[in-house]
Amino acid sequence: MSRRPPPPADPPPPGEQTDEPGPDAAVALPIDGTLDLHAFSPREVGSLVPEWIGACAEAGLSDLRIVHGKGTGALRERVHALLRRDPRVASFRLAGEDGGGWGATLVELRKGGPER
């Protein structure tokens, strides 16, 4: 004899808050100098990468790592295009083999913010 799972709870009345995030809820990313983009497509990172760079700069981090995976290279190319245009970025390069190789990019931010 198998047990059936309990029926789903009724949705809350309109205007009442729940503890569960909705499908479009923002997800807080830790600001530790590493951004893992495996779950994102190239079209989704246009604002994410610059916002994350800004949060890292505000946290005093200047040596960053963006993990984009090896795949087809489309995500890596998109990330590199964003980094080329960002005035806060002093330099970037592919990681060494011990740090993800061409599946990750190391980024160095300008000290004291972008040059003016």
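The values are calculated or read from the model by the stated rules, or taken from the named source; none is laboratory data. For clarity, every value in this text was computed on a predicted model and none was experimentally measured. Positions of Cβ are backbone-derived with ideal geometry, glycine not excepted, and every protein chain shown enters the neighbour counts. The area values use the complete protein model at the heavy-atom level, side chains included, leaving out ligands, DNA and RNA. Shrake-Rupley method; radii C 1.70, N 1.55, O 1.52, S 1.80 Å.
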**Study point:** Residue that is farthest from ASP36 (Cα to Cα), among those in the range 101-115 that are open to solvent by 20 Å² or more (accessible area, probe 1.4 Å) and at pLDDT 85 or above
**Key:** LYS111
Check your understanding: What are the pairs, 6+ residues apart or on separate chains, where a residue within the range 46-58 that is within 15 Å of ASP32 (Cβ to Cβ) and without any contact (Cβ under 8 Å) to a residue 24 or more places away in the chain has its Cβ under 7 Å from a residue that is open to solvent by 30 Å² or more (accessible area, probe 1.4 Å) and not in a helix (DSSP H, G or I)?
Key -> TRP52/LEU29
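Residues checked against (1) at pLDDT below 95; (2) open to solvent by 60 Å² or more (accessible area, probe 1.4 Å); (3) more than 13 Å from the chain's Cα centre (by Cα):
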| site | (1), (2), (3) |
| --- | --- |
| LEU37 | no, no, no |
| VAL49 | no, no, no |
| ALA55 | no, no, no |
| GLU58 | no, yes, yes |
| ASP63 | no, yes, yes |
| ILE66 | no, no, no |
| GLY69 | yes, no, no |
| HIS80 | no, no, yes |
| VAL89 | no, no, yes |
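One line per residue, one yes/no per condition, for (1) of a type in the set (Val, Ile, Thr); (2) in contact with a strand residue (DSSP E or B) (Cβ under 7 Å, 6 or more places away or on another chain); (3) assigned to a helix (DSSP H, G or I):
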position: LEU64; (1), (2), (3): no, yes, no
position: LYS70; (1), (2), (3): no, no, no
position: ARG78; (1), (2), (3): no, no, yes
position: ALA90; (1), (2), (3): no, yes, no
position: TRP102; (1), (2), (3): no, yes, yes
position: LYS111; (1), (2), (3): no, no, no
